[in-house]
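Read-outs throughout are calculated quantities, based only on the coordinates presented, and are distinct from any laboratory measurement. Predicted model, so just to flag it, every value in this text is computed and none were measured. Here Cβ is always computed from backbone atoms with ideal geometry, including for glycine, and neighbour counts include all displayed protein chains.
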Amino acid sequence: MQPQDYLLTDKVAIVTGGGGGIGRAIALELASAGADIVVADIVPERCQEVAERVRELGRSALAAPTDMADTGQVNAMVEQADQRFGRIDILVNNAGGVSGRAFLEQSERSWRKHIDLNLISMFAATSAAAPIMIRGGRGGAIVNVTSIEASRAAPAYAVYAACKAGMNNFTRTMALELADHDIRVNAIAPDYTVTPGTRGNWTGSVDPAAWRQPSQGQQEATARRIPLRRPGIDAECGKAALYLASPMSSYVTGVVLPVDGGSWASSGWIRDRSGQWTLMEVNE
Ligand SMILES: NC(=O)c1ccc[n+]([C@@H]2O[C@H](COP(=O)([O-])OP(=O)(O)OC[C@H]3O[C@@H](n4cnc5c(N)ncnc54)[C@H](O)[C@@H]3O)[C@@H](O)[C@H]2O)c1
């Protein structure tokens, strides 16, 4: 493999929700590979922090505070990115989130909030950024961050899971609609990954040391359910996204890549208390 197969030198990437968690990790992986980064996050301090880290890696960064659920703000952010860099090569639709509640207890307001944040944000950013990629004539890569919940039942997360399933299918359809322009469209589908969000820190400052290490309880619970015996790490999503954004995956489009330690493959199988795989644990 040659450096040009994996480097993103001179490329410009927008990462939505890029100020924390998986988005932050993706932004830093892409910057490490040579890309300039537009950090679009609703929390301005998070945008600034990640932009600073990108600059420390020797790349240019634009901190672009944006509520991705607001299509007007999304359009303005993409326009600002275009004005600053004159091109967009990579779009990572990562902004998303969930609050758990049984569907019959969930309000219409909550459905719509989930749809705006998880689906409309992706539609708006794709609609604004893809024409700029097409105008550039150099192709491009779009990476959507969906979830394992897109592909299985998700009690207490019905609307979120429906949104993520929508993201999966949008990924496939866009792969076809944009193929003539050499714009590849793929997704990563994480399972449980330790991030500020999964620790209930949606708006606080981002100190990775404070949240990256899974707790003992999380480790034990996930060890039985996830074949690789641990939660995911944000940087592992970052590396998978880098693969899909870079020329390493030049013949890959329309794919949803699980980044889940094997959970999707296990599909109902868990480890019993003795560590053996089982479909049904019997408590005696
Ligand atoms: N962490 C997991 O276990 C997991 C599993 C599967 C899928 N995902 C998906 O990965 C993505 C990132 O999740 P995470 O765990 O890193 O989340 P997180 O909450 O740790 O970080 C999300 C980032 O997005 C920003 N954000 C929130 N609302 C926003 C908005 N309206 N506009 C712009 N930015 C906004 C936050 O400020 C934060 O920096 C989401 O799409 C999530 O659904 C996460």
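Values for this structure:
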| quantity | calculated |
| --- | --- |
| Cβ crowding within 10 Å averaged over residues, with 171-182, 65-76 ranked highest first | 65-76, 171-182 |
| Unit charges on C-beta of K, R, D, E only; dipole of the range 55-114, Debye | 100 debye |
| Residue-span extension gain [Ser60 to Arg225] - 0.36 nm each, minus C-alpha spacing | 55.3 nm |
| Using θ = phi - 60° and Karplus 6.51 cos²θ - 1.76 cosθ + 1.60, couplings along the range 186-192 (whole Hz; Gly, Pro as x) | 9, 9, 10, 10, x, 9, 4 |
| Virtual spin-label span in nm between Trp277 and Asn75, 7 Å along Cα→Cβ | 5.1 nm |
| Signed unit charges on C-beta, dipole axis of the range 3-278, positive-most listed residue Gly166, Pro3, Gly34 | Gly166 |
| Protection-proxy order for peptides 263-273, 92-102, 184-194, 223-233, each taking the mean of Cβ atoms within 10 Å per residue, highest first | 184-194, 92-102, 223-233, 263-273 |
| DSSP H segments from the chain that extend 24 Å or more along their own axis, Cα-based, with Kyte-Doolittle mean of -1.0 or above | 158-177 |
| Overall form of the range 116-202 per C-alpha gyration tensor (a/c, 1.5; a/b vs b/c) | prolate |
| Euclidean distance between Cα centres, the range 18-78 to the range 226-242, Å | 20 Å |
| Dipole in debye (nearest 20) - the chain, about Cα centre, beta carbon charges: Lys, Arg +1; Asp, Glu -1 | 300 debye |
